[in-house]
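The values are calculated or read from the model by the stated rules, or taken from the named source; none is laboratory data. This is a predicted model, so every value here is computed, not measured. We place every Cβ from the backbone using ideal geometry, glycine too, and count neighbours over all the protein chains shown.
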Amino acid sequence: MAQTSEAWSSIPERGWRARAGLLLLMAAGCAPQNAVVGAFPGWSTQFVAEEGLWQEAAPLPGATIAFGAPNGAAGDNAVVELRLPGLPGAGPDTDSGPDVATQIATRRFMQFGTFRARVSFASCAPTEEVASAVFAFFNDGSDVNGNGIVDNPEIDFQVLCGTPTFIVLTCWSDFEQATATTPERFIKQSHAVDMSTGDSYDTVSESDNAFAKTTTGSDLVDPGFPAANGFYEVGFDWQPTRVRFFIVNQGREMTLWTLGDSKVIPQVPLQFILNLWHPTEHWLPARSPGDYPATDAVLRADWAEYWTP
């Protein structure tokens, strides 16, 4: 299925269409109490077990999701592992796109607040590409804003293992797949930070995937990012008029980007999602083909949380 290289395509294709039932689950507070800290709208999980909090998807043969996997870097020695199976000799077009992502998505829908997770990003060869994503999303195929493009409210934090020093951040308002007679259409803003140099990049327009270098900030430089098998606390603070993306690195919370354009800031409840998927291209510093990984790519998460002030 065609889609922009940073987007989920239409959510009904993924089997997440039972929105009404999930909203009822949210209202009923059906998740086990030992997995949820405090009353909703705040919760946290240590991933020792699924405990009714998550929808799971592992469509590719060999893809797995393992809650409670032992890991000494976790405070409780337990993480969730999302595995995208490797395939030696596969090219860029093999099993590409988020339609075949290995992923977990919250059963609850949440609106505004701070979303955090402590994650270890997947690794791969420089000639390959896999996206480790921590994001929030909803798409039911409607066009409520009436601009002629399907609504796609989404907030993305992604690290691509082929060019792992780049963190790619995006807010979407609309996305529509290409058809036999119409091109792909979308409205979004993206920002990327190269942690090895402090260079920042922005998309040249809201309807284009191309990036251009815009600024350099020495305060964002971390030559060791990402450390092999290292865990990083990442996330975003989503408010009606702004989204602030951040990473906690060596004990310091660093703001990576603050977006204040309300046109692309979601205004509806979203699911919080972690996933692992194969884009056909490296996105930065320039677009070029990226092969499907020859060996398994694994995204690990120690904990996740959501809260409002």
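Taking the condition of being part of a loop (DSSP other than H, G, I, E, B), of a type outside the set (S, T, N, Q), within 27 Å of Phe225 (Cα to Cα) and under 19 Å from the mean Cα position of the chain (by Cα), how many residues in region 107-129 meet it?
First, the residues of region 107-129 that are part of a loop (DSSP other than H, G, I, E, B): 107-109, 111-112, 121-127, 129.
Add one more test, that the residue is of a type outside the set (S, T, N, Q), and what stays is 107-109, 112, 121-122, 124-126, 129.
Remaining after also requiring within 27 Å of Phe225 (Cα to Cα): 121-122, 124-126, 129.
Narrowing the set further to residues that are under 19 Å from the mean Cα position of the chain (by Cα) leaves 121-122, 124, 129.
The total comes to 4.
Is there a residue in region 282-290 that is under 27 Å from Val221 (Cβ atoms), hydrophobic (A, V, I, L, M, F, W, C) and either buried (at least 17 other Cβ atoms within 10 Å of the Cβ) or at pLDDT 95 or above (or both)?
First, the residues of region 282-290 that are under 27 Å from Val221 (Cβ atoms): 282-288, 290.
Those left that are additionally hydrophobic (A, V, I, L, M, F, W, C): 283-284, 286.
Filter again for either buried (at least 17 other Cβ atoms within 10 Å of the Cβ) or at pLDDT 95 or above (or both), leaving 283-284.
The answer is yes, given that some residue of region 282-290 is under 27 Å from Val221 (Cβ atoms), hydrophobic (A, V, I, L, M, F, W, C) and either buried (at least 17 other Cβ atoms within 10 Å of the Cβ) or at pLDDT 95 or above (or both).
Do we have Leu220 as free of Cβ contacts under 8 Å to residues at least 40 places away in the same chain and buried (at least 19 other Cβ atoms within 10 Å of the Cβ) here?
Numbers: free of Cβ contacts under 8 Å to residues at least 40 places away in the same chain: yes; buried (at least 19 other Cβ atoms within 10 Å of the Cβ): yes.
Taking the combined requirement at face value, the residue satisfies it.
For (1) crowded, with 20+ Cβ neighbours inside 10 Å; (2) basic (Lys, Arg); (3) more than 25 Å from Pro92 (Cα to Cα), each residue gets a yes or a no:
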{"position": "Pro226", "(1), (2), (3)": "yes, no, no"}
{"position": "Pro240", "(1), (2), (3)": "no, no, yes"}
{"position": "Met254", "(1), (2), (3)": "no, no, yes"}
{"position": "Trp257", "(1), (2), (3)": "yes, no, yes"}
{"position": "Phe272", "(1), (2), (3)": "yes, no, yes"}
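For region 130-155, what are the residues that are out of contact with any Phe, Trp or Tyr (no Cβ under 8 Å at 6 or more places or on another chain) and assigned to a loop (DSSP other than H, G, I, E, B)?
Residues of region 130-155 that are out of contact with any Phe, Trp or Tyr (no Cβ under 8 Å at 6 or more places or on another chain), as a first pass: 140-148, 151.
Once the filter is applied, which keeps residues that are out of contact with any Phe, Trp or Tyr (no Cβ under 8 Å at 6 or more places or on another chain) and assigned to a loop (DSSP other than H, G, I, E, B), region 130-155 yields Asp140, Gly141, Ser142, Asp143, Val144, Asn145, Gly146, Asn147, Gly148.
Would you mind telling me which numbered condition in (1) modelled with pLDDT under 95; (2) among the small types (Gly, Ala, Ser); (3) within 16 Å of Ile167 (Cα to Cα) Ser262 fails?
It is condition (3) that Ser262 fails.
Give the residues of region 89-106 that are of a type in the set (Ser, Thr, Tyr), in a loop (DSSP other than H, G, I, E, B) and either within 30 Å of Phe47 (Cα to Cα) or free of Cβ contacts under 8 Å to residues at least 40 places away in the same chain (or both), sorted by residue number. Show your work before the answer.
Residues of region 89-106 of a type in the set (Ser, Thr, Tyr): 94, 96, 102, 106.
Next, only the ones that are in a loop (DSSP other than H, G, I, E, B) stay: 94, 96.
Hit for region 89-106 is Ser96, nothing else.
If you take just the strands (runs of 3 or more DSSP E) that sit entirely in region 195-309, which of them hold at least 2 residues that are of a type in the set (A, V, I, L, M)? I'd like the intermediate steps shown before the answer.
Details: elements: 199-203, 211-216, 232-239, 242-249, 252-259, 271-277, 297-307.
Because the criterion is at least 2 residues that are of a type in the set (A, V, I, L, M), the strands (runs of 3 or more DSSP E) in region 195-309 that meet it are 242-249, 252-259, 271-277, 297-307.
What is the residue count in region 178-198 for residues that are touching a helix residue (DSSP H, G or I) at 6+ places or on another chain (Cβ under 9 Å) and more than 16 Å from Val243 (Cβ to Cβ)?
Residues flagged as touching a helix residue (DSSP H, G or I) at 6+ places or on another chain (Cβ under 9 Å) and more than 16 Å from Val243 (Cβ to Cβ) within region 178-198 amount to 4.
Identify, please: which residue in region 70-91 is over 11 Å from Ala301 (Cβ atoms) and in contact with a Leu (Cβ under 7 Å, 6 or more places away or on another chain) and is, among those, surrounded by the fewest Cβ atoms within 10 Å (Cβ to Cβ)?
Among those residues, the one meeting the criterion is Pro85.
Considering only region 164-190, state which residues are surrounded by 21 or more Cβ atoms within 10 Å (Cβ to Cβ) and either in a helix (DSSP H, G or I) or not polar (S, T, N, Q) (or both).
Within region 164-190, Phe166, Ile167, Val168, Leu169, Cys171, Trp172, Asp174, Phe175, Glu176, Phe186, Lys188 qualify.
Could you go through region 116-125 and let me know if any residue there is closer than 24 Å to Ala192 by Cα, surrounded by fewer than 16 Cβ atoms within 10 Å (Cβ to Cβ) and touching a residue at least 24 places away in the same chain (Cβ under 8 Å). I'd like the intermediate steps shown before the answer.
Just the residues of region 116-125 that are closer than 24 Å to Ala192 by Cα, to begin with: 116-125.
If we keep only those that are surrounded by fewer than 16 Cβ atoms within 10 Å (Cβ to Cβ) as well, we get 125.
Next, only the ones that are touching a residue at least 24 places away in the same chain (Cβ under 8 Å) stay: 125.
Looking through region 116-125, at least one residue is closer than 24 Å to Ala192 by Cα, surrounded by fewer than 16 Cβ atoms within 10 Å (Cβ to Cβ) and touching a residue at least 24 places away in the same chain (Cβ under 8 Å).
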